[in-house]
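Undergrad: Dropping the structure in here first, questions after.
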Amino acid sequence: MRRLALFIVSFLTWLLLVFPYQPSTGEWDLESIYVGLGSAFLVSILFIGIFTRSPKKFFDPRRWFWLAVYIPVFLYYMVKANLQVVYLALHPKMPIEPGIVRVRTRLKSDSGITALANSITLTPGTFTLDLDPEQGYLYVHWLKVKSPEEEEATREIPGRFEKFLKRIFE
């Protein structure tokens, strides 16, 4: 079951990335489809060990709903952070206050913690340096530290993403 789920996900990803349909001719590029099928087969053989342990959860429509909700929220915070970094960089006094803060995460799954760390890193002005999954801590470099206190930093940095990622990954 896990291998089939990984094959399907890999092939659908291939189709989305390559999009082998030619609207001008109205035909499908069969060579691209064959390469996608072969690639998906190889991925399902070679990478089954790192795929989800419960593929039924992967196809849960509620998770996909929360992913669809999360993407615009993430994009909003990413654009907002970009504007803040531009302001800091262009300000004559460059009012940055960089520092490393420790934030707590309530996420337990490896996938959820990885998605949180990547979301933090992809948001300009923050960068996930290290994590301690046993204790539930992430160490984040913050361009303008608003509060060195763990509770406030947790609310400010991962708090905005965590509630969505918990519903997607756990």
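The values are calculated or read from the model by the stated rules, or taken from the named source; none is laboratory data. The shown structure was predicted, so the numbers you read here are calculated from the model rather than taken from an experiment. Cβ: placed from backbone, ideal geometry, glycine included. Neighbour counts: every protein chain shown. Accessible surface is based on the protein model in full, side chains and every heavy atom, while ligands, DNA and RNA are left aside. Shrake-Rupley method; radii C 1.70, N 1.55, O 1.52, S 1.80 Å.
Undergrad: I want to confirm something. Restricting to segment 138-159 and keeping residues that are open to solvent by 30 Å² or more (accessible area, probe 1.4 Å) and part of a strand (DSSP E or B), which single residue is farthest from Ala117 (Cα to Cα)?
TA: In this case the residue turns out to be Lys144.
Undergrad: Condition first: surrounded by fewer than 16 Cβ atoms within 10 Å (Cβ to Cβ) and under 24 Å from Arg2 (Cβ atoms). Can you find one or more residues in segment 76-97 that meet it?
TA: For segment 76-97, residues surrounded by fewer than 16 Cβ atoms within 10 Å (Cβ to Cβ) and under 24 Å from Arg2 (Cβ atoms): absent.
Undergrad: Failed condition for Tyr87, given (1) outside any helix (DSSP H, G or I); (2) hydroxyl-bearing (Ser, Thr, Tyr); (3) modelled with pLDDT of 90 or more, with all others met?
TA: (1)
Let's see how each residue does on (1) of a type in the set (Lys, Arg); (2) open to solvent by 30 Å² or more (accessible area, probe 1.4 Å); (3) not in a loop (DSSP other than H, G, I, E, B):
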| site | (1), (2), (3) |
| --- | --- |
| Pro72 | no, yes, yes |
| Arg102 | yes, yes, yes |
| Leu107 | no, no, no |
| Asp130 | no, yes, yes |
| Phe161 | no, no, yes |
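Undergrad: Going by the structure shown, is Asn82 over 15 Å from Glu162 (Cα atoms) and within 18 Å of the chain's Cα centre (by Cα)?
TA: Details: over 15 Å from Glu162 (Cα atoms): yes; within 18 Å of the chain's Cα centre (by Cα): yes.
Considered against the rule, which asks whether it is over 15 Å from Glu162 (Cα atoms) and within 18 Å of the chain's Cα centre (by Cα), Asn82 comes out as yes.
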